[in-house]
Amino acid sequence: MASTPLSSIMCTPTRVAVVGAGRVGSTLAQRIAEKNLADVVLLDVIQGWPQGVALDLMEARGVERHDRQIIGTNDYADTADASIVVITAGKPRTPGMSRDDLLKINARIVVEAAKNAIAHSPNAILIIVTNPLDVMTYLAWEATGIPPQRVLGMAGILDSSRFETFIAMELGCSIADISATVLGSHGDLMVPIPRFSTVRGIPITELLDAATIERLVARTRNGGAEIVELMQTGGAFFAPASSVCSMIEAILLNQSRLMPVAAYVQGEYNLDDVFIGVPCWIHCGGVRQVLSLNLTDAELEALQVSANAVRENIQRAKEMLA
């Protein structure tokens, strides 16, 4: 029986489109390919830049031993039929700049990127990384009109990872035993929850005194700004890329993982019509369900304050776009 030539076999590999080929986007492309999760289309407005990054990543395949395709482009048509679209495009923070200072600049970038990407991949799940993240996630959802379950913001995973790191450093223990929970907006009003942050199931409130916990909470809230101040010319990119990659893995492999992400709430935590960091079950369709934790009055109030600040910035952004 004659074999079928490989060149004639047609297949449609899973594809992830990454809009923005800066340090977060290019690192994310590397993570996706080297984990063998999907082919990657890396898009940027700078001529030649995404093509060069993609070629560099492709030339590493002989060492990394994966067969994923990575292409760079300046044309949204090349991102067609992506299963997931990740938007990292936008201006990064500089020293002294808050995430909210980026509101006007990045709102237009994200809205345009979301519209163009979804026009070519109408069934894609949209993950937003650009700051201010919760606001940008809402604007992207509103601009595309796709179901809110298919729009997620990367926030809580990164913030929780930072909290976990600081806990491990403080206790001198393996981070493999630590699980932390951070809710709320990706900014100064984020809400780390110490009693839901554990070491091998033991709440850190049993292992650390209140003053130490508050110091770690404050460092978590300031985690991004601390890196910006140290680098001077940019912000974090390794940890954000790893955080997004974990979301992509959960979606593409239908892992049904419980993850803190910026999701659309409709009554949960007495909040409505806002994207905010909450624990969600994540599967192949995006957000399967928002988990409603039994928060204390103080925790719930902090989450609502955080959400109200996001809602105010959404309104400001809409006025700027108008």
Condition check: modelled with pLDDT of 95 or more, closer than 24 Å to residue 151 by Cα, among the basic types (Lys, Arg) and not assigned by TED's automatic domain parsing to the domain that holds residue 190. Does residue 104 satisfy that? no
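A quick yes/no check of all residues on (1) out of contact with any strand residue (DSSP E or B) (no Cβ under 9 Å at 6 or more places or on another chain); (2) in a helix (DSSP H, G or I); (3) modelled with pLDDT of 95 or more:
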{"position": "273", "(1), (2), (3)": "no, no, yes"}
{"position": "277", "(1), (2), (3)": "no, no, yes"}
{"position": "280", "(1), (2), (3)": "no, no, yes"}
{"position": "293", "(1), (2), (3)": "no, no, yes"}
{"position": "300", "(1), (2), (3)": "yes, yes, yes"}
{"position": "305", "(1), (2), (3)": "no, yes, yes"}
{"position": "308", "(1), (2), (3)": "no, yes, yes"}
Residues 196, 163: which one is at pLDDT 95 or above, of a type in the set (A, V, I, L, M, F, W, C), out of contact with any Lys or Arg (no Cβ under 8 Å at 6 or more places or on another chain) and under 30 Å from residue 85 (Cβ atoms)? 163
Can you tell me which residue in segment 287-322 is nearest to residue 112 (Cα to Cα), limited to those that are touching a Cys at 6+ places or on another chain (Cβ under 9 Å) and in contact (Cβ under 8 Å) with a residue 40 or more places away in the chain? 287
Need the failing condition index for residue 319 against (1) surrounded by 14 or more Cβ atoms within 10 Å (Cβ to Cβ); (2) assigned to a helix (DSSP H, G or I), just the number. (1)
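Each row is one residue, and each column tells you yes or no for (1) at pLDDT 95 or above; (2) charged (D, E, K, R); (3) within 13 Å of residue 15 (Cβ to Cβ).
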position	(1), (2), (3)
34	yes, yes, no
52	yes, no, no
68	yes, yes, yes
95	no, no, no
113	yes, no, no
Candidate set from segment 38-51 (those that are crowded, with 21+ Cβ neighbours inside 10 Å and not acidic (Asp, Glu)); member that is farthest from residue 87 (Cα to Cα): 38
How many of the residues in segment 32-54 are touching an Asp or Glu at 6+ places or on another chain (Cβ under 9 Å) and among the charged types (D, E, K, R)? 2
Take segment 131-154 and flag every residue that is in contact with a strand residue (DSSP E or B) (Cβ under 6 Å, 6 or more places away or on another chain) and either surrounded by fewer than 21 Cβ atoms within 10 Å (Cβ to Cβ) or part of a helix (DSSP H, G or I) (or both). 133, 134, 136, 137, 138, 140, 141, 148, 149, 150
Looking at segment 277-285, is at least one residue within 22 Å of the chain's Cα centre (by Cα), over 23 Å from residue 111 (Cβ atoms), of a type outside the set (Phe, Trp, Tyr) and loosely packed, with under 14 Cβ neighbours inside 10 Å? yes
For residue 313, are the conditions met, namely being outside the structural domain of residue 140 (by TED's automatic domain parsing) and surrounded by 15 or more Cβ atoms within 10 Å (Cβ to Cβ)? yes
Condition set in contact (Cβ under 8 Å) with a residue 60 or more places away in the chain and aliphatic (A, V, I, L, M), scope segment 123-136, selection nearest to residue 320 (Cα to Cα): answer is 135
Just checking: which of the strands (runs of 3 or more DSSP E) contained wholly in segment 21-122 hold 3 or more residues that are touching a residue at least 60 places away in the same chain (Cβ under 8 Å)? 84-87
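The values are calculated or read from the model by the stated rules, or taken from the named source; none is laboratory data. In this text the structure is predicted, and so the values were computed from the model without any measurement. Backbone-built Cβ (ideal geometry, glycine too); neighbour counts: all protein chains shown.
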